[in-house]
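The structure under discussion appears below in the form of structure tokens.
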Amino acid sequence: MRLMVIRVQRRCVKPSDFVNFLRGDLTSVIEKLKSLKKVGPNKSAGKPNGNMLYLIFDNLELIREWDKSSTALSFMFNLYDVLKMHELGLIFISNTSPDTYYSNMGYTEHVPVYFPEYTEDDLRQILMRNQPNRKLYSSFLDVVLRPFCRTTRRVDELSTAFSPLFRKYCEPLSDLASVPNEEMKRRLFSHFRPHIAPSLNEIFWVPSKSSTEAETNKDTTRKGSTRKSEVGDHFAQIDFHMSTSAKYLLISAFLASRNPATLDASLFDSTGGSDSRKRKRKASEKSIEQKEVAEQELLMKGPGTFPLERLLAIFQCITSAADSFDEDEHENDDLRAGGDGGLMSDVLLQLSSLCNANFIIKGGSCPLEGSTRYRSTVSEDLALKVARSLKFPLPNYLYRR
Amino acid sequence: MGIENLAEKAQILIRSRLCSPNFIFKPLSDSSDSNYSKLKFIISSSIMEACNNSILLLGPRGSGKVAVLELVLSDLLEEYPDTITVIRLNGLLHSEDNSALKEIARQLCMEHHLLFSKMASFDDNSQFMIAMLRECGLAHKTVIFALDEFDLFAQGKQRLLYSLLDAMQTVTSQAVVVGVSCRLDADQLLEKRVRSRFSHRKLLFLPPSKEDVQRLLEHILSLPMDSSLACDYAAEFNEKLQSILADKRFKEIISNYLNSNSTTNHLLRFLFIAISNMELKSGFLSLENFKAALSSIQRQPKQECIKDCSILELYILVCMKRLEVREQNSYNFSSVMKEYKSVHDSFPTSDYYAQNVCLRAFEHLLQRELICFTDNRGHSQSIEFRQVKLVVSYAELQEGLKSYRSCPVSHSHNSICF
């Protein structure tokens, strides 16, 4: 059916105006449909046939976040009764179930049509579509579909996860059009099996390096990662580029968010955090219960906010401490050179780019000082990884309750 | 004509009946003590005697207040063709005084073929309305204001209601205000100065009784013998319908459905789905159609949501439940992850995933609204640290887990343990 495009650009603020416009436009469209029907009963292709008009509202649940959500929603649901046009049908599409729309306003209910999530068999049928070598893909799905279905049952997420995996699965094959027999399947599976577990723990995959380079990297990391957690072993290296000073800034922001501000002085004195052992013993003297409560609190509160001054002070401290740690390494030459004043503008630039990349977010401004406060969103794993790449002893500076 | 063709015609006929309020409410309004007769008597007497009047139609949503009003209005427009002007307002659209007066002026202009100015101010429109009311009164024409969602007009300063009712008191006007509301205390919402100008006539709309429902069902579902449909087909259809209507199981279905809400529109919605379920091959309604309609309307949305979850999402739900059972009232994603880890430590399974995968599952749950944030503030904090809560009850969760096809053992174990 051809779409009838109505080009209307009218500004209307009030629902009453909207209804008047809508009624006028709808009647004219319905008239047009009727006249078309009268003219051409031969039902030539491309001509609209019939005289029903449907208004479709997708993602209805977002309306609830509007300012005047309660009136807007009841207005939407009552639109049919308000317009009183028999040729009109309203279709609402929502991600959430109808019971999430009940409110004290009350409205006449609609006919529910429920679309259940795809089952494993449905997913198999959908993913099999448009596959050139169906037999091969089917044997691939036999291996991956069940484990992946345990984490998500969405077609979009599964298909993005499967496309690189299928390439990996096919790697030993010379001829992609060949029909795999049992022996071949076994061989493919034994080649493919080590890749399943890590890919289950990824949500997206960026092919940043060429495949051979990635391969060698993986081999080296796998050797070292046996003692680490089984989770995501090829995340052991950070897979993005970042300048050294940005890395330091990232770590300073992480520290500023995690550590209480009152401890800054003792942590960042001239000894550079080497007295951390002393503090640790003190902390362990506390009762375990108290510790648990504090830990719980930390979990609940999440990373704290900090002013710009504190961030810069920590940044200064850790860069100078890093210098004292590895005198021999010339990696930090550029930092040392600009350690006074001249570096500041550069640091502010780095800060703004870190903000843009969402590593650091700007929180609300402090009511007393009026300055902007920042918050680090980086997880501890990533911060540790970045620190490792700098050979910076981050755990020494982290305050553990 | 094949039976499928006939059945399709019958289906279309019944569906068009269900969508037309005139057809539904006409037979209910024959008797002299029906709301239809009362309303018609009040309005037509104020037209005849050239006086002002105001009425409230009260009753639950879907009980046919507007349908009866429209029926009365269309009858009156036929009886007194040139003496009535109907102005229709809706509280959802015109609860604001300014837009309400604008709409009144617009409809008055439309009706009397005058030029409507969009730029007119509130005072202009209000003066125009009063002048029009006076002119109509002098010409012995009645203006009927139908105010749907009347309770919404009673919000705020009620300037519209006051100026409308006041105009009806002072000048020689001839107007009827009909308020329609689902709030039975709608007249108590009025300010003193408005209430004193309002005549307290109320018509109460009650849901149909059992006998009425039975009559309504027959009226809607039986096919006419004199239409284009083949006579023997219609006869057979009606005969089968009678046997269904008399069936005890059918009566059970209907009373079960009407238990929650026994208004007419609620019944019509049910019939619409049942008619759409009709099998065109056999050509007749069957009890199964009504059964299917009942199960498609009476849903358990939360349990369906749980059935749609993946195993990992169920894990997160169970972890949250365990936290709640331990009376840990405030928790967020990070504490759920801690619980997830401890569950995994005590019952090791292959279902232990990285934090980012869990976060994605967590977001799916948020999208499905099986869980939600406890507060709308704190948008600056990332999702991991915002407080969440379950919005499914324990019983629903338990029931959902039980009916889940391949529920892992530890889940059911967990939910029984706690």
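Tell me, yes or no, whether region B:92-111 has at least one residue that is within 13 Å of another protein chain (Cβ to nearest Cβ), assigned to a helix (DSSP H, G or I) and in contact with an Asp or Glu (Cβ under 6 Å, 6 or more places away or on another chain).
Looking for residues that are within 13 Å of another protein chain (Cβ to nearest Cβ), assigned to a helix (DSSP H, G or I) and in contact with an Asp or Glu (Cβ under 6 Å, 6 or more places away or on another chain), one finds at least one in region B:92-111, hence yes.
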For the list (1) buried (at least 20 other Cβ atoms within 10 Å of the Cβ); (2) more than 10 Å from chain A (Cβ to nearest Cβ), I need the number of the one condition that B:His364 fails. (2)
Go through (1) over 31 Å from the mean Cα position of the chain (by Cα); (2) not assigned by TED's automatic domain parsing to the domain that holds B:Ala7 one by one and return the number of the condition B:Asp226 breaks. (2)
So which helices (runs of 4 or more DSSP H) stay within region B:229-333 end to end and still have 1 or more residues that are touching a strand residue (DSSP E or B) at 6+ places or on another chain (Cβ under 7 Å) and closer than 30 Å to A:Arg153 by Cβ? B:311-325
Inside region B:165-188, the number of residues satisfying the requirement of being in contact with a helix residue (DSSP H, G or I) (Cβ under 9 Å, 6 or more places away or on another chain), touching a residue at least 24 places away in the same chain (Cβ under 8 Å) and assigned to a helix (DSSP H, G or I) is 6
For B:Ser126, which of the numbered conditions (1) assigned to a helix (DSSP H, G or I); (2) within 14 Å of another protein chain (Cβ to nearest Cβ); (3) among the small types (Gly, Ala, Ser) fails to hold? (2)
Residue under evaluation B:Ser342, criteria (1) without any contact (Cβ under 8 Å) to a residue 40 or more places away in the chain; (2) facing another protein chain (nearest Cβ under 7 Å), criterion not met: (2)
Within region A:127-171, how many residues turn out to be within 14 Å of chain B (Cβ to nearest Cβ), over 19 Å from the mean Cα position of the chain (by Cα) and not hydrophobic (A, V, I, L, M, F, W, C)? 3
For region B:274-310, name all the residues that are buried (at least 19 other Cβ atoms within 10 Å of the Cβ) and among the β-branched types (Val, Ile, Thr). B:Ile275, B:Ile306
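Among the candidates B:Ile43, B:Ile47, B:Ile14, B:Ile87, single out the residue that is under 26 Å from B:Phe205 (Cβ atoms), of a type in the set (A, V, I, L, M, F, W, C) and more than 29 Å from the chain's Cα centre (by Cα).
So the residue among B:Ile43, B:Ile47, B:Ile14, B:Ile87 that is under 26 Å from B:Phe205 (Cβ atoms), of a type in the set (A, V, I, L, M, F, W, C) and more than 29 Å from the chain's Cα centre (by Cα) is B:Ile47.
Determine whether B:Asp375 is more than 9 Å from chain A (Cβ to nearest Cβ) and at pLDDT 85 or above.
Here the answer is no, as B:Asp375 does not meet what is asked.
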Restricting the first residue to region B:47-66 and requiring it to be touching a residue at least 60 places away in the same chain (Cβ under 8 Å), which pairs with a second residue that is of a type in the set (Lys, Arg) meet a Cβ separation below 6 Å and a spacing of at least six or different chains? B:Ile55/B:Arg201; B:Leu56/B:Lys202; B:Leu57/B:Lys65; B:Leu58/B:Lys202; B:Gly59/B:Lys65
Just checking, how many residues over region B:311-350 are under 21 Å from A:Glu292 (Cβ atoms), out of contact with any Ser or Thr (no Cβ under 8 Å at 6 or more places or on another chain) and either surrounded by fewer than 20 Cβ atoms within 10 Å (Cβ to Cβ) or polar (S, T, N, Q) (or both)? 16
Only residues in region B:94-118 that are over 17 Å from B:Asp148 (Cα atoms) and in the same structural domain as B:Ile130 (by TED's automatic domain parsing) count as the first member; pair them with residues that are modelled with pLDDT under 90 and not in a helix (DSSP H, G or I), Cβ under 8 angstrom, at least 6 apart or cross-chain, and list the lot. B:Ala105/B:Phe116; B:Ala105/B:Ala120; B:Arg106/B:Phe116; B:Leu108/B:Leu114; B:Cys109/B:Leu115; B:Cys109/B:Phe116; B:Met110/B:Phe116
Please indicate, with yes or no, whether at least one residue in region B:113-133 is touching a strand residue (DSSP E or B) at 6+ places or on another chain (Cβ under 9 Å), under 26 Å from B:Asn22 (Cβ atoms) and surrounded by 14 or more Cβ atoms within 10 Å (Cβ to Cβ). no
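Each row is one residue, and each column tells you yes or no for (1) over 17 Å from A:Pro112 (Cβ atoms); (2) modelled with pLDDT of 90 or more; (3) within 14 Å of chain A (Cβ to nearest Cβ).
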position: B:Arg269; (1), (2), (3): no, no, yes
position: B:Phe284; (1), (2), (3): yes, no, no
position: B:Ile311; (1), (2), (3): yes, no, yes
position: B:Asn332; (1), (2), (3): yes, no, yes
Criterion: free of Cβ contacts under 8 Å to residues at least 12 places away in the same chain and farther than 21 Å from B:Leu69 by Cβ - qualifying residue of B:Glu191, B:Glu236, B:Glu252, B:Glu218: B:Glu252
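Filtering region B:191-232 down to residues that are acidic (Asp, Glu) and surrounded by 12 or more Cβ atoms within 10 Å (Cβ to Cβ), which residue is farthest from B:Asn35 (Cα to Cα)?
Applying the filter and picking the extreme gives B:Glu191.
Does B:Ile42 satisfy the condition of being out of contact with any helix residue (DSSP H, G or I) (no Cβ under 6 Å at 6 or more places or on another chain), part of a helix (DSSP H, G or I), touching a residue at least 12 places away in the same chain (Cβ under 8 Å) and not assigned by TED's automatic domain parsing to the domain that holds B:Ala139?
In short, no.
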Which one of these does A:Ala387 not meet: (1) at pLDDT 85 or above; (2) aliphatic (A, V, I, L, M); (3) farther than 19 Å from A:Met242 by Cβ? (3)
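The values are calculated or read from the model by the stated rules, or taken from the named source; none is laboratory data. Everything numeric here is computed off the predicted structure, so don't read it as measured data. With ideal geometry, Cβ positions are generated from the backbone for all residues, glycine too; neighbour counts draw on all protein chains shown.
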